[in-house]
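**Q** Okay, handing you the structure first.
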Amino acid sequence: MAKKIIIISSSPRRGGNSDTLCDQFMHGATDAGHSVRKIFLRDMQVNYCLGCGICTTGKSCPQKDDAADIIAAMLDADVIVLGTPVYFYSMSAQLKTLIDRCCARYTELSNKEFYRIMTAAERDIEAMQPTVAVLRGFLDCLDKPVERGIIYGLGVWQAGEVKSTHAMHEAYEAGAAV
């Protein structure tokens, strides 16, 4: 059965390593017959959460940016792919900002399947565990999330270096196996 997939690429570089793996995942999922939408966060305006609390009163966020549309797309999806470069052993600021803005509707993000795509200059998979833990912290706040997998693009720094790694095949196969 075809699923709705949203891929959130938080790389600040179009065609950067994590963005390239997001594209590979998308190709695999599309080839398998799934409906896929990719959001490149750099092209969107997502402001920081103001901590005003208005969203906790049942009213919508007073900020007029792209966050509400992105979160609505996440709610509509069956599968959510979070792609990020790893900077200083954590996710990109772009992805963290979006996650913070999920505050108003995170209780509605239930029964979603999640994949994570992470790239780093670091070669040791153990060094990626702080980022895994932070992203898992987001999932721990959701109702019945299903962690499907993590694709690691390790030892890549310059844009395009990931193309010569096994992560390209892993990303395609993960998308195809959704």
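The values are calculated or read from the model by the stated rules, or taken from the named source; none is laboratory data. All values derive from a computational prediction rather than experimental measurement. Neighbour counts are summed over all protein chains in view; Cβ atoms, including those assigned to glycine, are modelled from backbone coordinates with ideal geometry. The accessibility values were calculated without ligands, DNA or RNA, using every heavy atom of the protein model including side chains. Shrake-Rupley method; radii C 1.70, N 1.55, O 1.52, S 1.80 Å.
**Q** How big is the accessible area of TYR106 in square angstrom, nearest 10, if you roll a 1.4 angstrom probe over the protein chains?
**A** 80 Å²
**Q** Treat every Asp and Glu Cβ in the range 24-83 as -1 and every Lys and Arg Cβ as +1, leave all other atoms uncharged, and give the resulting dipole magnitude about the Cα centre to the nearest 20 debye.
**A** Computed about the Cα centre, the dipole is about 180 debye.
**Q** Something else: Below 8 Å between Cα atoms, with a sequence gap of 6+, how large is the relative contact order for the chain in percent?
**A** Relative contact order of the chain: 33 percent.
**Q** Would you work out the relative contact order for the range 74-172, in percent, from Cα pairs under 8 angstrom that are 6 or more residues apart?
**A** 32 percent
**Q** Please calculate how many Å² of accessible area the chain carries per residue, with a 1.4 Å probe and no DNA, RNA or ligand atoms counted.
**A** 49 Å²
**Q** In addition: Give me the Kirkwood hydrodynamic radius of the chain in Å, from all C-alpha pairs, to one decimal place?
**A** Kirkwood radius, the chain: 16.3 Å.
**Q** Restricting to DSSP H runs of at least four residues, report the calculated mean residue ellipticity at 222 nm for the chain, -39500 (n - 2.57) per run over all residues, nearest 500 deg cm²/dmol.
**A** -10000 deg cm²/dmol
**Q** Divide the volume of the convex hull of the Cα atoms of the range 132-178 by its number of residues and quote the answer in cubic angstrom per residue.
**A** For the range 132-178, the hull spanned by Cα atoms encloses 90 Å³ per residue.
**Q** If you don't mind, there's one more thing I want to ask. For the range 1-125, what is the percent of antiparallel DSSP beta bridges, rounded to the nearest 5?
**A** 5 percent
**Q** Another question, then. Once ligands and nucleic acids are excluded and a 1.4 Å probe is used, how much of SER60 is accessible, expressed in Å² to the nearest 10?
**A** 90 Å²
**Q** In addition: For the range 46-117, which whole-number percentage of the solvent-accessible area (1.4 Å probe, protein heavy atoms only) is attributable to carbon and sulfur atoms?
**A** The computed percentage sits at 54.
**Q** Once you have the alpha carbon radius of gyration of the range 81-140, what is it after dividing by 2.2 N^0.38 Å, with N set to its residue count?
**A** For the range 81-140, the normalised Cα radius of gyration is 1.15.
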